[in-house]
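Student: Sharing a structure with you now.
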Amino acid sequence: MFNYYLELALRSLKRSPGLTLLMVLAIGFGVAASMTTWSVFRAVSGDPIPWKSSKLFVPQIDMWGPKGRGPNSTDNEPPDAMDYTDAMALMRAHRGKLQSAMYQISPSVVPADASKHPINVSGHAVYSEFFPMLDVPFLYGNGWSADDDSQRAAVAVISGKLNDKLFGGVNSVGRTVSIEGKDYRVVGVLGSWNPQPRFYDVVNTGGFSTGVEDVFVPFERAIAMGMPNDGNTNCSEIPAQSGFVGLQQSSCIWIAYMVQLDDAAAVSAYRSWLDGYAKDQQTAGRFGWAPNNRLRDVPAFLDHEQVVPSDTKVSLLVALGLLIVCLVNTAGLLLAKFLRRSSEIGVRRALGAPRGAIYAQFLTEAGMIGLAGGVLGLLLTGVGVASVSWVLPKDIASLARLDFSLLALTLLVAVVATTLAGLYPTFRASRVQPAWQLKSN
Amino acid sequence: MDILPILSTLRRHKLTSWLLILEIALTCAIVCNAVFLIGQRLQRMDMPSGVAEHELLQIQVADVTAPSNPYARLAEDVALLRQVPRVISVASSNQVPFGSSSSNGNIRLDPAQPERTLFATTYFGENLVPTLGTRLVSGRDLQPDDFVDVETALKALGTGESKSLPHVTLITQTLAERLWPGQNPLGRIIYLTPVVGLRVVGVLDSLARPNAYDTAKAQYTMVVPIRMGANKDQSYLIRTRPEDRASVLTAALAALKKADPQRVVTTKRSFDEVRRKFFQDDRAMAGMLVGVIVALLIVTALGIVGLASFWVAQRRRTIGVRRALGATRGNILHYFQTENFLLATIGIALGMVLAYGINLFLMLHYELPRLPAVYFPIGAVVLWLIGQVAVLGPALRAAAVPPVVATRSV
């Protein structure tokens with residue numbers, strides 16, 4: 001029976017090719033525009049580490065107090081990064097399963113081949129637990145050990161890209177790399193790893209970054225070598241002493257921190273430890289205010305930092321509006337088309353077709369238009385996603401990709417939406433009075 | 001043209017008419033808001049920087065090993081760059097307008113005040129005013145003997161000894177007006193800390209912040225006479241004629257490289273690129289919205305064409321009868337045009353209400369300003385035009401229906 005309806009639908013569509021084409025075009029445009037913006041939205045609001053994001057937490061401590069927030073601040077939010085003193089206290093306490101303080105560095109790397117120019121790379125100074133905590137994939141070797149952390153060992157983990165550049169892509173574990181004029185032993189080479197948004201250090205990267213992290217060195221080693229912070233530094237008061245050492249003694253915030261807590265009990269234990277710590281600082285006179293801490297997991301922190309640009313949300317809304325207009329449009333055209341065939345419906349009904357059969361026939365027709373619109377939409381979505389890189393900043397555009405799920409979703413949205421739009425016209429068609437139609441002819 | 005017959009016809013196609021009206025209303029509402037959003041973006045992208053944008057180049061270099069005397073190094077570099085042919089002026093600065101990365105300070109008007117008055121960008125650098133090309137409205141520029149090395153200043157800050165601290169500053173007109181509305185700012189004191197009081201000696205026409213995200217506060221900037229010395233966050237700014245920019249940049253880089261082949265150039269760009277990069281999100285958003293609006297208008301136009309064609313086909317006989325009874329082609333054409341105008345008008349009226357509602361929603365959730373009334377007529381005119389253009393084809397086809405159709409049976 002379905003085949004028969006398909007044939008009927010084809011016939012009917014062929015009878016008015018202009019109108020059919022209009023409907024297909026409208027659906028194609030609507031679906032493509034919404035799918036293109038959806039692909040961007042999906043890319044920027046995606047969970048960068050879905051298997052673990054609910055176990056990774058960003059602690060925030062209020063080291064500035066109400067005074068540091070300025071007169072216009074209404075929320076009582078503590079700063080979103082850490083000063084050196086508190087980050088070190090948290091590292092020493094070691095209350096989480098895995099944790100790492102980190103800051104952004106941008107050292108120069110001198111290639112062994114003297115004919116090549118030194119290059120400036122970006123990376124992070126981190127603790128050894130950074131690698132297992134974030135499930136960082138290694139191509140060769142591994143991260144460094146906790147002993148390397150405390151001994152400030154001259155070891156480094158480099159990206160596959162930097163490995164290609166410096167060592168021609170061979171296993172370089174054990175070889176030395178010159179960073180800021182000092183030799184470091186390579187202990188690990190990363191596989192391809194470029195999580196977006198860059199959830200472990202949102203404050204410094206703004207969430208998205210086109211650059212790949214090329215080098216990781218032990219945190220305390222970087223501090224000892226005076227490798228300056230390349231990320232943001234925010235101060236509520238001018239540091240009493242200049243330079244990098246002054247920064248470490250100040251209440252300026254420049255360190256990102258992440259901790260892995262596996263269950264609710266661990267989270268609440270960590271939370272109460274944080275409060276205890278802040279209370280101790282209050283007692284010691286360092287904080288002149290009550291504890292005001294936050295402990296957000298990765299999704300909550302990304303949301304708090306407004307990593308998904310509100311622009312993207314607005315454009316998604318606009319595109320959804322477009323899809324709704326397309327549906328209304330299709331509903332109008334289908335209604336006109338179906339009601340024009342009242343006499344045909346009358347004949348079918350008079351010959352014994354139940355209402356259900358009319359429903360099946362017309363919904364099949366609507367579905368076919370939807371399918372055709374969906375195929376057109378697929379092509380247009382392809383064009384849309386390709387041209388996204390033309391309007392969007394590179395770091396975001398490179399995330400918007402055409403993949404199977406997007407293609408399937410495009411087709412599904414087109415067919416479901418058109419069938420929905422066809423529901424009312426079909427309902428009206430099924431209500432046609434056969435006797436009345438037959439008489440009037 | 002009598003609209004009553006049109007209305008009675010529409011009453012027979014109530015539902016399709018309402019769907020068309022709904023479509024026009026939605027389109028109108030979305031177009032009003034989207035055009036408003038685009039307008040806002042374009043306005044933001046037009047934000048003045050206060051500097052001679054087409055004449056400026058920015059260079060940043062990083063050293064593999066830190067120079068022993070960064071101040072001497074900076075002076076050498078600046079002297080080198082000045083000797084590059086066709087360079088008009090050279091400055092060093094810790095930041096540039098629209099450069100994103102910024103250094104700011106809390107401003108107080110009274111050293112004892114517990115909370116800051118506002119948060120302003122502090123430019124540290126020599127020779128900034130002539131190089132950037134920002135205009136001095138009143139007062140004087142910073143003089144060489146106003147300048148203090150940053151190390152010295154920070155040390156003095158630690159000991160509380162005020163003699164080695166900077167004493168003067170330049171501020172923008174906007175900042176002056178915000179701090180002392182309607183008064184002469186020259187000679188007044190701004191406090192960066194309780195001991196650092198800076199006397200305003202000059203007022204700048206305009207100088208934007210590196211992170212000018214909030215238009216209202218984009219000009220809250222001051223220039224403080226502090227020498228930062230050479231480091232990788234310091235920028236060399238070169239002013240030259242617009243047509244010389246490419247050649248001067250190459251020559252300047254070569255000069256810097258020659259002085260020390262080991263250093264790494266981290267930034268080399270014209271100020272046009274600085275602006276382009278800073279506003280790329282706004283441009284992207286505007287581009288995306290334009291795309292969606294175009295798609296929306298196309299869809300709406302297609303919908304109007306479809307329904308109008310359908311109605312024309314349905315009413316062929318009626319049209320034939322009217323023509324046979326003496327109606328001219330013009331009458332038939334106008335009939336469909338008026339019908340479309342009526343539907344569009346109702347749709348637009350509804351759309352205005354909806355546009356206002358959507359704007360309220362956006363204001364509530366996305367911190368957008370209120371939609372100015374001027375956007376309503378824009379939306380209306382656009383939709384009237386689209387409607388008329390879309391209906392023209394079907395209406396012409398209707399006008400071409402010969403009177404003889406009336407005499408034929410279906």
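The values are calculated or read from the model by the stated rules, or taken from the named source; none is laboratory data. Since the model is a prediction, treat every value here as computed from it, not as a measurement. Heads up, the Cβs are rebuilt from the backbone with ideal geometry, glycines too, and the neighbour counts pull from every protein chain shown.
Student: Out of A:A366, A:A357, I need the residue that is of a type in the set (G, A, S), more than 10 Å from chain B (Cβ to nearest Cβ) and touching a Lys or Arg at 6+ places or on another chain (Cβ under 9 Å). Which one?
Tutor: Unique residue meeting the criteria: A:A357.
Student: Here is a list: B:A52, B:A29. Which entry is facing another protein chain (nearest Cβ under 10 Å) and not β-branched (V, I, T)?
Tutor: After applying the criteria, what remains is B:A29.
Student: Got at least one residue in segment A:283-303 being assigned to a helix (DSSP H, G or I) and small (G, A, S)?
Tutor: yes
Student: Got at least one residue in segment A:314-330 being within 26 Å of B:V290 (Cβ to Cβ), more than 20 Å from the chain's Cα centre (by Cα) and without any contact (Cβ under 8 Å) to a residue 40 or more places away in the chain?
Tutor: The answer is yes, given that some residue of segment A:314-330 is within 26 Å of B:V290 (Cβ to Cβ), more than 20 Å from the chain's Cα centre (by Cα) and without any contact (Cβ under 8 Å) to a residue 40 or more places away in the chain.
Condition check ((1) closer than 19 Å to A:A336 by Cα; (2) modelled with pLDDT of 85 or more; (3) surrounded by 20 or more Cβ atoms within 10 Å (Cβ to Cβ)) across all residues:
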position: A:A357; (1), (2), (3): no, yes, no
position: A:I369; (1), (2), (3): yes, yes, yes
position: A:L378; (1), (2), (3): no, yes, yes
position: A:G384; (1), (2), (3): no, no, yes
position: A:S389; (1), (2), (3): no, no, no
position: A:D403; (1), (2), (3): no, no, no
position: A:R428; (1), (2), (3): yes, no, no
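Student: Specify the residue that is nearest to the other protein chains (Cβ to nearest Cβ); the eligible residues are those in segment A:343-354 that are within 19 Å of A:L6 (Cα to Cα) and in a helix (DSSP H, G or I).
Tutor: So the residue we want is A:E344.
Student: May I pose another question? Name the residue, out of B:T117, B:T27, B:T131, that is in the same structural domain as B:G229 (by TED's automatic domain parsing) and farther than 26 Å from B:A251 by Cβ.
Tutor: Going through B:T117, B:T27, B:T131 in turn, the sole match is B:T117.
Student: Which ranges mark the strands (runs of 3 or more DSSP E) fully within segment B:143-214 that have 3 or more residues being farther than 21 Å from A:S236 by Cα?
Tutor: Answer list for segment B:143-214: B:168-172, B:197-204.
Student: Also: Among the residues that make up segment A:66-88, is at least one of them assigned by TED's automatic domain parsing to the domain that holds A:I238 and among the aromatic types (F, W, Y)?
Tutor: no
Student: May I ask you to list pairs of residues, at least six apart or on different chains, whose Cβ atoms are under 8 Å apart, with the first in segment A:54-66 being farther than 14 Å from A:G285 by Cα and the second being small (G, A, S) and surrounded by 23 or more Cβ atoms within 10 Å (Cβ to Cβ)?
Tutor: If the second residue must be small (G, A, S) and surrounded by 23 or more Cβ atoms within 10 Å (Cβ to Cβ), the pairs left are A:F57/A:G96; A:V58/A:A256.
Student: Then there's this: Which residue out of B:V196, B:V203 is hydrophobic (A, V, I, L, M, F, W, C) and within 14 Å of another protein chain (Cβ to nearest Cβ)?
Tutor: Criteria check complete, one pass: B:V196.
Student: Residue check, A:G65 against (1) surrounded by fewer than 23 Cβ atoms within 10 Å (Cβ to Cβ); (2) in contact with a Gly (Cβ under 8 Å, 6 or more places away or on another chain); (3) more than 12 Å from chain B (Cβ to nearest Cβ); (4) not basic (K, R), all met but one. Which one?
Tutor: (3)
Student: In the set A:D262, A:D311, A:D230, which member is within 14 Å of chain B (Cβ to nearest Cβ), of a type in the set (D, E) and touching a residue at least 60 places away in the same chain (Cβ under 8 Å)?
Tutor: Going through A:D262, A:D311, A:D230 in turn, just one is within 14 Å of chain B (Cβ to nearest Cβ), of a type in the set (D, E) and touching a residue at least 60 places away in the same chain (Cβ under 8 Å): A:D230.
Student: Quick test for you: out of B:L368, B:L364, pick the one residue that is surrounded by fewer than 20 Cβ atoms within 10 Å (Cβ to Cβ) and in a loop (DSSP other than H, G, I, E, B).
Tutor: After ruling out the rest, the residue left standing is B:L368.
Student: Quick one: count up the residues across segment A:241-259 that are touching a residue at least 60 places away in the same chain (Cβ under 8 Å), outside any strand (DSSP E or B) and of a type in the set (F, W, Y).
Tutor: Selection size over segment A:241-259: 1.
Student: Just give me the residues in segment A:82-141 being over 27 Å from A:L261 (Cβ atoms) and among the small types (G, A, S), in sequence order.
Tutor: Of everything in segment A:82-141, those that are over 27 Å from A:L261 (Cβ atoms) and among the small types (G, A, S) turn out to be A:S106, A:S108, A:A112, A:A114, A:S115, A:S122, A:G141.
Student: For B:Q58, all conditions in the list (1) under 30 Å from A:G226 (Cα atoms); (2) of a type outside the set (A, V, I, L, M); (3) outside any strand (DSSP E or B); (4) out of contact with any Asp or Glu (no Cβ under 8 Å at 6 or more places or on another chain) hold save one; what is the number of the exception?
Tutor: The number of the failed condition is (3).
Student: Same structure again: Of the residues B:V294, B:V312, B:V290, B:V299, which single one is facing chain A (nearest Cβ under 7 Å) and farther than 24 Å from B:P85 by Cα?
Tutor: B:V299
Student: Applying the selection to segment B:7-52, what residues are in a helix (DSSP H, G or I), of a type in the set (D, E, K, R) and modelled with pLDDT of 85 or more?
Tutor: B:E23, B:R41, B:R44
Student: Which residue is surrounded by the fewest Cβ atoms within 10 Å (Cβ to Cβ), if the candidates are limited to segment B:179-204 and must be over 21 Å from B:L132 (Cβ atoms) and touching a Phe, Trp or Tyr at 6+ places or on another chain (Cβ under 8 Å)?
Tutor: B:R188
Conditions (1) of a type in the set (D, E, K, R); (2) closer than 23 Å to A:F199 by Cα; (3) within 14 Å of another protein chain (Cβ to nearest Cβ), marked per residue:
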residue: A:H117; (1), (2), (3): no, no, yes
residue: A:V121; (1), (2), (3): no, yes, yes
residue: A:H124; (1), (2), (3): no, yes, no
residue: A:E129; (1), (2), (3): yes, yes, no
residue: A:L134; (1), (2), (3): no, yes, no
residue: A:F138; (1), (2), (3): no, yes, no
residue: A:G141; (1), (2), (3): no, no, no
residue: A:D147; (1), (2), (3): yes, no, no
residue: A:V155; (1), (2), (3): no, no, no
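Student: Here is a follow-up. Could you say which residue among A:N171, A:N194, A:N163, A:N204 is within 14 Å of chain B (Cβ to nearest Cβ), under 33 Å from the mean Cα position of the chain (by Cα) and of a type outside the set (D, E)?
Tutor: Going through A:N171, A:N194, A:N163, A:N204 in turn, the sole match is A:N204.
Student: Of all residues in segment A:98-109 being buried (at least 22 other Cβ atoms within 10 Å of the Cβ) and of a type in the set (A, V, I, L, M), which is nearest to the other protein chains (Cβ to nearest Cβ)?
Tutor: A:V109
Student: Suppose the filter is within 25 Å of B:K155 (Cα to Cα), more than 14 Å from chain A (Cβ to nearest Cβ), of a type in the set (S, T, Y) and over 25 Å from the mean Cα position of the chain (by Cα); does B:T169 pass it?
Tutor: Judged against the criteria, B:T169 is a match.
Student: So if I check each of A:S100, A:S39, A:S53, which one is small (G, A, S), touching a strand residue (DSSP E or B) at 6+ places or on another chain (Cβ under 8 Å) and not in a loop (DSSP other than H, G, I, E, B)?
Tutor: A:S100
Student: Only one of A:D80, A:D47, A:D113 is over 18 Å from A:D297 (Cβ atoms), more than 14 Å from chain B (Cβ to nearest Cβ) and assigned to a loop (DSSP other than H, G, I, E, B). Can you tell me which?
Tutor: Matching residue, one of A:D80, A:D47, A:D113: A:D113.
Student: Could you please find all residues in segment A:4-23 being in contact (Cβ under 8 Å) with a residue 24 or more places away in the chain and either within 10 Å of chain B (Cβ to nearest Cβ) or touching a Pro at 6+ places or on another chain (Cβ under 6 Å) (or both)?
Tutor: Those that are in contact (Cβ under 8 Å) with a residue 24 or more places away in the chain and either within 10 Å of chain B (Cβ to nearest Cβ) or touching a Pro at 6+ places or on another chain (Cβ under 6 Å) (or both): A:S16, A:L19, A:T20, A:L22, A:M23.
Student: Residues of segment B:83-99 being surrounded by 15 or more Cβ atoms within 10 Å (Cβ to Cβ) and outside any strand (DSSP E or B), which ones?
Tutor: If the condition is that a residue be surrounded by 15 or more Cβ atoms within 10 Å (Cβ to Cβ) and outside any strand (DSSP E or B), then B:V84, B:N94, B:Q95, B:V96, B:P97, B:F98, B:G99 are the ones that fit.
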